[in-house]
Amino acid sequence: MFRRRASEAKHGATAPDRGQGAGPASQGASPAGHGARQDPGLPPGGSSRPVSPDRPVSPAGEEPGRAAAEPWGPPPAGLDVSAPHPARVWNYWLGGRDFFAADKAAGEEIGREFPHLAEMARAERAFLVRAVRFLAGPAKIRQYLDIGAGLPAGGNTHEIAQRIAPDSTIVYADNDPAVLLHAKALLGNPMLASTPDGAVCYTDADLRDVATVLAGAGSALSLSQPVALIMLGVLGHVGDYGAARSIASQLMDALPAGSYLVAADGMAVNQGIVSAQRRYDASARPRYGGSAPAPYALRRPDELTSFFDGLDLIEPGVVPCLGWRPDGRGPESASGDAAAAYCGVARKP
């Protein structure tokens, strides 16, 4: 699991760019609501690089699981893409376009050796799309804090939320320098930037530094109003179970009643998955060098459920990701590896 890299990068919130780049292109997004599709002029995965409207577009934005054939254009200035990076490999698995030759090669190799990782990535993204539709629609949430967001790929939190509620504000938090470089380029493009009525920004913050996360979120969000806190595939990077629970509790304690916690992580559902994850963790540093993700702690479903203590779980509770309010638009089939990703959504009373 590695939507993001655990690093010792310096922290410091970056100011949001409200409505950055918004204009006619961003206003041409698909209509809000279930079944909304990516705009024909937007490359698969929400790339910052434009594509002509008549070019075939992968459905990755709403149906994760189909990898793009090739990367899209040059990298952001100052970014070394000669070696693979975990976030770009994840983007490749999700059908995005912000990967390069080394990432594609690594993604294919890792996918063969550790198929549970790509399966979990796709299952979590399919869940995210459905969860944000619920939050922006019936739950009427207009503020989102997505921690460990990684690189944009089709079905980003802000794309889904702002199709339904254009005035939504989204803060993505990550502490990976490469991710932040990509984000600056991506959000500077009118086709991926915020709607005029909303806002989208990244803040440089580590999950473990709750105060910095909240300070960055508070630069764009009103923390006196309900917020959806999204943590997908990140809590397992906090190896100590008690510390991970404390982080989730501190974040939710800082949010008002009516806020939501959205969480998903890989689970230790069988020994095969556990053994594969351990082998992957041991091989990560030789593969990625300094950008290797922290080891990932697979937990039990009941341990994930405990992160929602004191909150009101939304039906169907804590379940495999593909079983959370399925709508037929996610991956068409799921192996046992995909079933190892569990999730839940809960409201703070």
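The values are calculated or read from the model by the stated rules, or taken from the named source; none is laboratory data. Because the structure is predicted, anything quoted here is derived from the model rather than measured. All Cβ positions, even for glycine, are placed from backbone atoms using ideal geometry, and neighbour counts span all protein chains on display. The protein model used for the area step is the full one, side chains on, heavy atoms only, and it has no ligands, DNA or RNA in it. Shrake-Rupley method; radii C 1.70, N 1.55, O 1.52, S 1.80 Å.
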query = Is region 145-153 home to any residue that is at pLDDT 95 or above and either open to solvent by 10 Å² or more (accessible area, probe 1.4 Å) or over 12 Å from the mean Cα position of the chain (by Cα) (or both)?
reply = no
message = Could you list, ordered by first residue, the pairs with Cβ atoms under 7 Å in which the first is in region 288-301 and assigned to a loop (DSSP other than H, G, I, E, B) and the second is open to solvent by 30 Å² or more (accessible area, probe 1.4 Å) and modelled with pLDDT under 95, at least 6 apart or interchain?
response = Ala292/Arg285; Pro293/Arg5; Pro295/Gly239; Pro295/Asp281; Tyr296/Asp281; Ala297/Gly239; Leu298/Ala268; Arg300/Ala268
Qualifying positions in region 89-128 - of a type in the set (A, V, I, L, M, F, W, C), open to solvent by less than 10 Å² (accessible area, probe 1.4 Å) and within 16 Å of Met231 (Cβ to Cβ) = Met120, Ala121, Ala123, Phe127, Leu128
ask   = When you go through (1) over 23 Å from Tyr296 (Cβ atoms); (2) open to solvent by 20 Å² or more (accessible area, probe 1.4 Å); (3) modelled with pLDDT of 95 or more one by one for Asp209, which number turns out not to apply?
value = (1)
task = Quickly run through region 162-183 and pick out the residues that are under 24 Å from Asp206 (Cα atoms), of a type in the set (Gly, Ala, Ser) and modelled with pLDDT of 95 or more.
result = Ser168
note = For region 218-248, the count of residues that are of a type in the set (Ser, Thr, Tyr) and free of Cβ contacts under 8 Å to residues at least 12 places away in the same chain equals 1
inquiry  = Given the criterion open to solvent by 50 Å² or more (accessible area, probe 1.4 Å) and either farther than 15 Å from Tyr296 by Cβ or touching a strand residue (DSSP E or B) at 6+ places or on another chain (Cβ under 6 Å) (or both), identify the matching residue among Ser219, Ser259.
reply    = Ser219
ask   = Applying the selection to region 257-277, what residues are within 23 Å of the chain's Cα centre (by Cα) and not aliphatic (A, V, I, L, M)?
value = Gly258, Ser259, Tyr260, Asp265, Gly266, Gln277
message = Looking for something under 25 Å from Gly155 (Cα atoms) and basic (Lys, Arg) - is there at least one such residue anywhere in region 314-327?
response = yes
